[in-house]
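One structure below.
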Amino acid sequence: MPTAEVAHETDFEGWRKAARAFRLAGVDPAAARFAVEGSSGAGSLFDPGPENPGPGVRGDAGGESGFTVPKAFVDVAQEVILHRSADRFDLMYRLLWRLRAEPDLMKVVSDRDVADAMERAKNVSRASHKMKAFVRFRAVQDEAGEAFVAWFEPAHRVLEKTAGFFVRRFTTMRWSILTPDGSCFWDGEALTFGPPASAADAPQDDEIEEFWKTYYASTFNPARLKVQTMQGEMPKRYWKNLPEASLIPKLIAASRARTEVMVASSPTEPNARLAKAIARSVRDGSYEEGFVASDLNELKHGVQACRRCPLYQDATQGVCGEGPRAARLMIVGEQPGDQEDLAGRPFVGPAGQVLDAALEEAGIDRAEVYVTNAVKHFKHEPRGKRRLHKTPTTNEVSACRWWLDQERRLVRPKVTLALGGTAALGVLNRKVAVTQERGQRLSLPDGSAAMITVHPSYLLRIPDAAARVRERATFIRDLKAVRELL
Ligand code: SF4
């Protein structure tokens, strides 16, 4: 049986030369055999011959004097060769052979071979898409500093096809992606490919995974859970390499109970005791325009009764800061979120967990920090059963600066750290480009220092694992700079 060898599983050029030689020699598809070098034990019967100048260019040997193939065939064949099926070379050659008598074959989508090839090409494209979505990098240290390594098992051989995506996305980082088919390395300048790897070659876990799991669990919405759809988007074959996958069975199991709680507890209403306390604050005159608190407790009552802007109308309660009265560091966020609004305490939701972990890593004890927000009432809009965060306007931030300034006057922090643009507006009383001014020592009118960085919720919203890792590292670097100021 005429046998042609290709150099490796995805050697499209090798297959094309061999297939061209087969067709020119009149080898029927039923008789042609393709094998990957080293796997057949047979020598190559067909010399590839001179470099094939490309599809659509006439050949010059054999009974057939030359031939052209439509671009549609080449496009599909380049995908099909990445499919893991053992008979993909045969299918491609069968199509190439049939194109001789049926030049418009690729347009006949009902044809069995064409449909088969299209389906395999679609599977390959899907595998590439899944790779973009499910590669999870882990941080490692080597002699050149920080690098990132990911282990991934693609459904088809899409490493080379997809590597360019990661180069474009993570150009400034050094990273490696290891797969059972091969590996690729990006050093910030050049992309190189290497031999297959095993899971043991990749680091097993790191703290970033905990961060990602926290994010995943906090954003998992049981009311929207459709198990089949979820498994379609995140097929089980990828679960073993996804840190968040370990949470999925538990989250699914708990989803019914969580949904019931969500339904029962929404829309959120302030509880009666709290409503009474707020009404009493208003009646007692705890708040009046120009109210100045003599201590943090008074300030709390004043905030509950505040009517300086409309945000009190839809919130459960005003959320003041908390922490030591004489804290040297004050951290200012944007506004309470859904969980903070219900609990009446700042930074107790997912962003608070990210902040806590980052503070710890930066060597700052949260118990010694006064944590508050630029705006004290939760601004949101209803979306079904949920309350979605809305950014406060400049006017609302300006109105609420009345309380932030009082907190700063009472606590007298040595350093104030603003998390994000809204917080910076509240602290500095001017609009700030966070990316330009972050990490710099700024001065406040009372002579104390201020610094700006991103809000932890920003880190939670970054979809790409590696970008998230990088941004989190920068966030911690900013926190360390704050510690130095202290
Ligand atoms: S957001 Fe601030 S200014 Fe507006 S009502 Fe609440 S406490 Fe008052």
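The values are calculated or read from the model by the stated rules, or taken from the named source; none is laboratory data. Here the structure is a predicted model, which is why all the values come from computation and not from measurement. Reconstructed Cβ throughout: ideal geometry from the backbone, glycine too, with neighbour counts over all protein chains shown.
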Point to revise | Complete set of residues in the range 297-324 that are in a loop (DSSP other than H, G, I, E, B), surrounded by 17 or more Cβ atoms within 10 Å (Cβ to Cβ) and within 8 Å of the ligand (Cβ to nearest atom) | key: Cys306, Arg308, Cys309, Ala315, Gly318
Practice item. Quick one: Val369 ticks every box in (1) under 26 Å from Leu444 (Cα atoms); (2) away from the ligand (no atom under 13 Å from the Cβ); (3) in contact (Cβ under 8 Å) with a residue 60 or more places away in the chain except a single one, so which number is it? Key: (3)
Point to revise | Residue count for the range 418-454, restricted to those that are farther than 20 Å from Glu396 by Cα and not hydrophobic (A, V, I, L, M, F, W, C) | key: 13
Check your understanding: Looking only at residues in the range 5-47 that are over 22 Å from Phe193 (Cβ atoms) and modelled with pLDDT under 90, which one is nearest to the chain's Cα centre (by Cα)?
Key -> Ser40
Review point. Of all residues in the range 410-429 being among the polar types (S, T, N, Q) and either more than 15 Å from the ligand (Cβ to nearest atom) or modelled with pLDDT under 95 (or both), which is farthest from Asp295 (Cα to Cα)?
Key: Asn429
Review point. Out of (1) at pLDDT below 95; (2) touching a Ser or Thr at 6+ places or on another chain (Cβ under 6 Å), what's the single condition that is false for Asp338?
Key: (2)
Study note, to complete from the structure: Considering residues that are of a type in the set (A, V, I, L, M) and closer than 10 Å to Glu322 by Cβ, the number found within the range 333-347 is 0
Practice item. Could you tell me whether Leu342 is in a helix (DSSP H, G or I), over 27 Å from Arg472 (Cα atoms), within 11 Å of the ligand (Cβ to nearest atom) and in the same structural domain as Glu381 (by TED's automatic domain parsing)? Key: no
Exercise for review: Could you please let me know if Glu396 is acidic (Asp, Glu) and near the ligand (Cβ under 9 Å from one of its atoms)?
Suggested key: yes
Point to revise | Residue identified as within 16 Å of the ligand (Cβ to nearest atom), at pLDDT 95 or above and out of contact with any helix residue (DSSP H, G or I) (no Cβ under 6 Å at 6 or more places or on another chain) among Glu381, Glu407 | key: Glu407
Exercise for review: Test Thr391 against the criterion of being at pLDDT 95 or above and of a type in the set (Ser, Thr, Tyr), and give yes or no.
Suggested key: no
